[in-house]
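Q: This structure is in structure tokens; I'll ask about it shortly.
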Amino acid sequence: MDQARTMARLTKRWNTLWSHLTPASSPGLLPQLLIAWRVPQRHYHTLQHLEECLARFDTLRHTAQHPHEIELALWFHDAVYDVRAHDNEERSARWAHEALHAAGLEAQSVRRIHDLIMATCHGAAVPADADADTDTALLIDIDLAILGAPASRFAEYECQIRAEYAWVAPDVYADKRRAVLLGFLERPRIYTTPLLHQQLEQRARTNLRSATMPK
């Protein structure tokens, strides 16, 4: 990845996003976010993942109720990522809440963005309100789109996740990773939004079955 070009693209995108918001600026926030997304311990949860999520969102923007809020939630959803912690989503959501409130966004929008980020705590089941909340379902599906990526990108993703957990013993990692992937495979639907279900569901299941087969 060409870091300079990536940073330039993201800076332009950030500035365009804020031009649609009130207030129309966020001094100092973008550099903090870019630093957070580039810490050395990250291998998958990097600017590559952020750009992939934003690109996917661009194809689905027309289905969003509050598109600018989804876009801000994507910028913040993995802003805090400590592989040894279990509260990354909570800390990312709290950062978004504090930073966006300080920037002057409306309280209702800030609250919705906070809740969108918290919805990315992917467990064994989709949040109960995802079907009723188009934006929540959309954000969750975008974050999980990697599961339905082409086989080569999915394989790269698996290597990147392993690199983030390099400190975990191989047998322990294999068991826990298989359990996580089986959790997704055992869902009645991996993707709840109609478009991503149509586009990615079958490929995601193929990827997951391959990754969880006994070696």
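Readers should treat all values here as calculations from the given coordinates under stated rules, not as data from a laboratory. These figures come from a predicted structure and were not determined experimentally. When we count neighbours, we look across all protein chains shown, and the Cβ atoms used for this are built from the backbone with ideal geometry, even at glycine.
Q: How high is the relative contact order of the chain, given as a whole-number percent (alpha carbon pairs under 8 Å, six or more residues apart)?
A: Numbers: 207 pairs, mean separation 40.4, N = 215.
Relative contact order here is 19 percent.
Q: I've got another one for you. Can you compute 3J(HN,Hα) from phi for each residue in the range 19-34, using the Karplus curve 6.51 cos²θ - 1.76 cosθ + 1.60 with θ = phi - 60°, rounded to whole Hz and x for Gly and Pro?
A: 5, 9, 10, 10, x, 8, 7, 8, x, x, 6, 4, x, 5, 5, 5
Q: Starting from the Cα of Lys215, step 7 Å along the direction of its Cβ; do the same at Leu195; then give the gap between the two resulting points in nm.
A: Computed distance between label sites Lys215 and Leu195 equals 3.7 nm.
Q: Shape call for the chain from the C-alpha gyration tensor, a ≥ b ≥ c root eigenvalues: rounded (a/c under 1.5), prolate (a/b greater than b/c) or oblate? If you can, show how the numbers build up before the last one.
A: Details: a/c = 1.74, a/b = 1.40, b/c = 1.25.
Prolate.
Q: Find the centroid of the Cα atoms in the range 136-154 and in the range 173-190, then give the distance between the two in whole Å.
A: 14
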